[in-house]
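What follows is a single structure, written as structure tokens, with notes after it.
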Amino acid sequence: MDVLTQNFSLYGEGFLGTVQLTVYASLLALGLGVLMAGFRVAPVAPLRAFGTAWVTVLRNTPLTLLFFAVMLGLPRFGLVLPFFTFAVLALGCYTSAFICEAVRSGINTVPLGQGEAARSLGMSFPQTLGAVVLPQAFRTVIPPIGSTLIALAKNSAIAGSFSVTELLGTYKPLNELGYNIIWTFLWIAVGYLIITLAISGLFHVLERRWGVPR
Amino acid sequence: MTAASALYDIPGPRARARHRTYALLATLVLLLLLGWVGYALVDTGQFAAEKWRPFEYKGIQLLLLRGLGNTLKAFGLAAVLSLALGGVLAAGRLSDHRPVRWVATLVVEFFRAMPLLVMIFFVFVALKVQPLPALVTGLTLYNGSVLAEVFRAGVNSVERGQREAAYSLGMNKTQVMAHVLVPQGVRAMLPAIISQLVVALKDTSLGFLITYEEFLHAGKLIAGNLDYGLPFIPVVMIISPVYIGMCMLLSWLANWVAKRERRSVKTRAVEVAPAAPTTVLPGDTQT
């Protein structure tokens, strides 16, 4: 207990770092993921190929390697940004591949007849998309997106080893100060549990509110 | 191929012409992007001979191969152990004894909710274990817990009639499980199991962070060498195709198995899972 009360600000900083990483990377991942899903279902072949390549490469890349490439490789390339921005980029791009697949499979669960009915009513493409297909797709993708974002929050721990302030990284100064290492890790674990449970709670609410089993 | 989606009709001649224009534009933009990346790579001297020469040295090649070997060793150990742990935990979660079920559920839910890296660091720092056992322990606990859920979902997805028929033949629970439910459940879940192993393979690279001498670590050693002009980008260019190739090979195997099992007569009473890692929110029990 002492470890937490005496180092509350240190833990708080780390916790906040992890939350910030998670939120910014989630926003990037959701934006990029939806864009890539759009590419993957587009009737334009080069865009489809680009989306497929993006997803295949990122889904099969170890996140540590991606961090390595972004954090240590990009500066050699002449692109120097704060570590935090690099971490958000790496996490966001990695997760966007999973979001893309979730959204795409969501769009594919909308029955063909729905789109045909919308078009035969004279709806334009944006209307079909906005009023018929996406609202239905959105409902089926809530749970997979929730678990993807939880995975993102957990993956953000890797950023700590690349000089970004976040929760797992707090063990180092505490260890050097000579606190009991088991308790140190226990409180880190509690911090992560709070974040993952919050996300899972949020998505359970969203699902109860809007989700429909298909 | 787009005709299978609810988004578009089959395009007519004018739509096709329009799509061709878009395709041309998109190709142009993508080529420009590619050209810019290529130009920037040349401009910053990433293809300088100095940065690529180390890869001709025997010692460097051996270093990389040893790293790859260590990665595969960690993966092999973690895969076998997590399959075993997954089996044990799944048996616990399906047990008739309430305390056993509770303990198994607690273990599974805890290790699924914890970041893998926290567990690896805990074992490495707090328990002062060597890097390889620490990495394998972390991977086993995490992937074992996920696999336990996969196994359980597989057993539960077997049609109810199978279980009832087996019981009515006078089999006891162990026999029902061993001869009827588990064989069908595992067949159905094989694609998901292999996909989880892809996750395990990718996560072996976390060993890099605890100084386990695996593939990425070997790359870092080469990349950090001033004599070779800090060849970070050449190292990434060499390492990532190998990693991506290995993972794609396993993913492809999962897809192939999924296709094969779906056609097999032995999976009629159960729905074969798609070849993707399971996506279930922690705390969900509906699977």
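Values in this text are rule-based calculations from the coordinates and carry no lab data. Please read all numbers here as calculations on a predicted model, not as lab measurements. As a convention, Cβ positions derive from the backbone with ideal geometry for all residues, glycine included, and neighbour counts pool all protein chains shown.
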Using a Gaussian network model of chain B with C-alpha springs under 10 Å, which one of B:Ser168, B:Ser195, B:Ser240 is most mobile by mean-square fluctuation?
B:Ser168
Ranked B:Tyr167, B:Tyr228, criterion: other C-beta atoms within 10 Å, fewest first:
B:Tyr167, B:Tyr228
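Can you compute the helix-only [θ] at 222 nm over the protein assembly as shown? Use -39500 (n - 2.57) per DSSP H run of at least 4 residues, normalise by all residues, nearest 500 deg cm²/dmol. Let's see the in-between values first.
Details: 19 runs with 345 residues, N = 501.
Mean residue ellipticity at 222 nm (helix-derived): -23500 deg cm²/dmol.
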B:Tyr22: net charge of surrounding residues, Cβ under 12 Å, Lys/Arg +1, Asp/Glu -1, itself excluded?
+4
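Share of Cα-Cα pairs in region A:2-210 beyond 25 Å, in percent?
48
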Would you mind giving the three semi-axes, in whole Å and largest first, of the ellipsoid equivalent to region A:1-74 according to its Cα gyration tensor?
37, 15, 9
With charges set only on the Cβ (+1 for Lys and Arg, -1 for Asp and Glu), what does the dipole of the protein assembly as shown come to about its Cα centre, in debye to the nearest 20?
1500
Taking just the alpha carbons, could you work out the radius of gyration and Dmax for region B:1-111, both in angstroms?
27.5, 68
Kindly write out, for region A:58-72 in residue order, the coupling ³J(HN,Hα) from the Karplus curve 6.51 cos²θ - 1.76 cosθ + 1.60 (θ = phi - 60°), rounded to whole Hz, with x marking Gly and Pro.
5, 5, 9, 9, x, 4, 4, 5, 5, 4, 4, 5, 6, 6, 9
Equivalent ellipsoid semi-axes - Cα gyration tensor, region B:57-186, angstrom:
37, 19, 10
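Run through every distinct alpha carbon pair of region A:33-84 and return the Kirkwood hydrodynamic radius in angstroms, one decimal place.
Radius from the Kirkwood sum: 12.7 Å.
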Over region B:128-209, what number does the Rg to Rh ratio reach, with both radii from the alpha-carbon atoms and Rh per Kirkwood?
1.17
Please compute, for the alpha-carbon atoms of region B:169-287, the extent along each of the three principal axes and give them in descending order in Å.
74, 29, 25
Can you pull the three principal axis extents for the Cα set of region B:2-43, in Å, largest first?
46, 20, 8
Low-density loop positions, chymotrypsin sites (Phe, Trp or Tyr not before Pro), region A:1-59 - DSSP coil, at most 15 other Cβ in 10 Å
none
Straight-distance crosslink candidates among aspartates and glutamates, where the alpha carbon sits under 16 Å from B:Lys202 and sequence neighbours closer than 8 are dropped:
B:Glu213, B:Glu214
Give the Rg (one decimal place) followed by the Dmax (whole number) of region B:173-225, computed from C-alpha coordinates and expressed in Å.
19.1, 61
Per principal axis, descending, Cα span of the protein assembly as shown in whole Å
67, 67, 48
At what distance in angstrom do the alpha carbon centres of region B:19-80 and region A:145-159 lie from each other?
26
Cα lying deepest toward the dipole's positive end in region B:144-272, options B:Leu226, B:Gly161, B:Phe151, charges on Cβ:
B:Gly161
How big is the dipole moment of region A:2-210 about its Cα centre under a simple scheme where the beta carbon of each Lys and Arg is +1, that of each Asp and Glu is -1, and everything else is neutral? Debye, nearest 20, please.
620
Where only C-alpha atoms are counted, convex hull volume of region A:119-214 per residue in Å³
117
Per-residue HN-Hα couplings for region B:246-254 [Karplus 6.51, -1.76, 1.60; θ = phi - 60°; Hz; x = Gly/Pro]:
4, 5, 5, 4, 5, 4, 5, 4, 4
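At 10 °C and 1.306 mPa s, grab the translational diffusion coefficient of chain B from Stokes-Einstein with a Kirkwood Rh over Cα pairs, rounded to a whole number in µm² per second.
Taking Rh from Cα pairs, D becomes 70 µm²/s.
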